[in-house]
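Colleague: This is the structure, below, for whatever I ask next.
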Amino acid sequence: MKCLHCLIEFHANEERTFICEDADESWYIYTYKCPSCKKANLYLVNTQTIRTPKGTILINSTKNTKSKTPVRPKGSNRPPCPPEVPIEFSKDYNEACITLFDSSKASAALSRRCLQSILREKGEVKHSSLANEIQEIIDKNNLPSHILDIIDAVRNIGNFAAHPIKSTSTGEIVDVDPEEAEWNLDVLEALFDFYFVQPSKIQKKKNALNKKLSDSGKNHMK
């Protein structure tokens, strides 16, 4: 798993602590201690109740888990938004990450709105439904093929044909699968890298080279 504090992958040794049983069955705290930063990742877990013949509650396996919510730290396992990304995009992305565990619906609404904003500003597509804007950016064919593939998958995973409100009202809170919410964030990260991070890195290298050329009396790169 990935530590929510330092975002480093580690082999999880899970400790389960039973809290109580109620109308929603059994509640536990799952603890994972990160060997890198030495901090504990705590999850509130709701599981099905399984009893032994004597009536005691068994600590359930993962397949019986109904929900698993991080409570320390409160956040996501997504990397922080790159500093090169403008605030009008990073704000929605960060909120989509934070709300992912609590509500995939809210997370997907934020990430779809962010995706549409990027396609309009950076991809220069015409204002329309998200499905049409995705098709337009694909038709332009000015993005790497691997990015076009994952953007196109947004429509397939979201099943816009069956749920047109996802396409026409991107900010609406509508039913989504957790996988769809996760995929939307993957798409945003790829677009952030293409539109903001890589151009910034290239510009910094160009500036450094131009300084060396200037110091040696040579002309700058154009």
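The values are calculated or read from the model by the stated rules, or taken from the named source; none is laboratory data. Since we're looking at a predicted model, the values are computed, not measured. Note that each Cβ is placed from the backbone with ideal geometry, even for glycine, and that neighbours are counted across all protein chains shown.
Colleague: Identify the residue in the stretch 4-18 that is in contact (Cβ under 8 Å) with a residue 40 or more places away in the chain and of a type outside the set (Lys, Arg) and, among all such residues, is surrounded by the fewest Cβ atoms within 10 Å (Cβ to Cβ).
Modeller: Keep residues of the stretch 4-18 that are in contact (Cβ under 8 Å) with a residue 40 or more places away in the chain, which gives 4-5, 7, 16, 18.
If we keep only those that are of a type outside the set (Lys, Arg) too, we end up with 4-5, 7, 18.
Numbers: 4: 22, 5: 16, 7: 15, 18: 13.
Within the stretch 4-18, the match that is surrounded by the fewest Cβ atoms within 10 Å (Cβ to Cβ) is 18.
Colleague: Of everything in the stretch 32-52 that's among the hydroxyl-bearing types (Ser, Thr, Tyr) and not in a loop (DSSP other than H, G, I, E, B), which residue is surrounded by the most Cβ atoms within 10 Å (Cβ to Cβ)?
Modeller: Step by step, filter the stretch 32-52, then rank; the result is 47.
Colleague: Under 9 Å between Cβ atoms, which residue pairs at least 6 apart in sequence (or on different chains) link something in the stretch 108-122 that is under 17 Å from residue 140 (Cα atoms) with a partner that is in a loop (DSSP other than H, G, I, E, B) and among the basic types (Lys, Arg)?
Modeller: 120/126
Colleague: Which pairs do you get when a residue that is assigned by TED's automatic domain parsing to the domain that holds residue 137, found in the stretch 183-208, comes within reach of a residue that is among the acidic types (Asp, Glu) and surrounded by fewer than 17 Cβ atoms within 10 Å (Cβ to Cβ), reach meaning Cβ atoms under 6 angstrom, with the pair 6+ apart or on two chains?
Modeller: Going by the 6 Å Cβ cut-off, the qualifying pairs are 196/84; 197/84; 200/84.
For (1) modelled with pLDDT under 90; (2) in contact with a His (Cβ under 7 Å, 6 or more places away or on another chain); (3) outside any strand (DSSP E or B), each residue gets a yes or a no:
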site	(1), (2), (3)
6	yes, no, yes
11	no, no, yes
17	no, no, no
26	yes, no, no
29	no, no, no
54	yes, no, yes
59	yes, no, yes
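Colleague: Related question: Mind listing whichever residues of the stretch 76-98 are aromatic (Phe, Trp, Tyr) and more than 8 Å from the chain's Cα centre (by Cα)?
Modeller: 89
Colleague: Do we have residue 154 as under 21 Å from the mean Cα position of the chain (by Cα), assigned to a loop (DSSP other than H, G, I, E, B), at pLDDT 60 or above and within 23 Å of residue 100 (Cα to Cα) here? Quick ask: steps written out before the conclusion?
Modeller: Working: under 21 Å from the mean Cα position of the chain (by Cα): yes; assigned to a loop (DSSP other than H, G, I, E, B): no; at pLDDT 60 or above: yes; within 23 Å of residue 100 (Cα to Cα): yes.
Considered against the rule, which asks whether it is under 21 Å from the mean Cα position of the chain (by Cα), assigned to a loop (DSSP other than H, G, I, E, B), at pLDDT 60 or above and within 23 Å of residue 100 (Cα to Cα), residue 154 comes out as no.
Colleague: Further question on the same structure: Does residue 82 count as in a loop (DSSP other than H, G, I, E, B), surrounded by 14 or more Cβ atoms within 10 Å (Cβ to Cβ) and not assigned by TED's automatic domain parsing to the domain that holds residue 189? Walk me through it before giving the result.
Modeller: Working: in a loop (DSSP other than H, G, I, E, B): yes; surrounded by 14 or more Cβ atoms within 10 Å (Cβ to Cβ): yes; not assigned by TED's automatic domain parsing to the domain that holds residue 189: yes.
Judged against the criteria, residue 82 is a match.
Colleague: Taking residue 102 as meeting all but one of (1) assigned by TED's automatic domain parsing to the domain that holds residue 201; (2) under 28 Å from residue 199 (Cβ atoms), write down the number of the exception.
Modeller: Unmet for residue 102, out of (1) assigned by TED's automatic domain parsing to the domain that holds residue 201; (2) under 28 Å from residue 199 (Cβ atoms): (2).
Colleague: Mind checking whether some residue in the stretch 94-113 is part of a loop (DSSP other than H, G, I, E, B), among the hydrophobic types (A, V, I, L, M, F, W, C), in contact with a Ser or Thr (Cβ under 9 Å, 6 or more places away or on another chain) and at pLDDT 85 or above? Break it down stepwise before answering.
Modeller: So the first thing to find is which residues in the stretch 94-113 are part of a loop (DSSP other than H, G, I, E, B), and the list is 100-103.
From what's left, among the hydrophobic types (A, V, I, L, M, F, W, C): 100-101.
So of that shortlist, the ones also in contact with a Ser or Thr (Cβ under 9 Å, 6 or more places away or on another chain) come out as 100-101.
Retained after the next criterion (residues that are at pLDDT 85 or above): 100.
Yes, the stretch 94-113 has at least one match.
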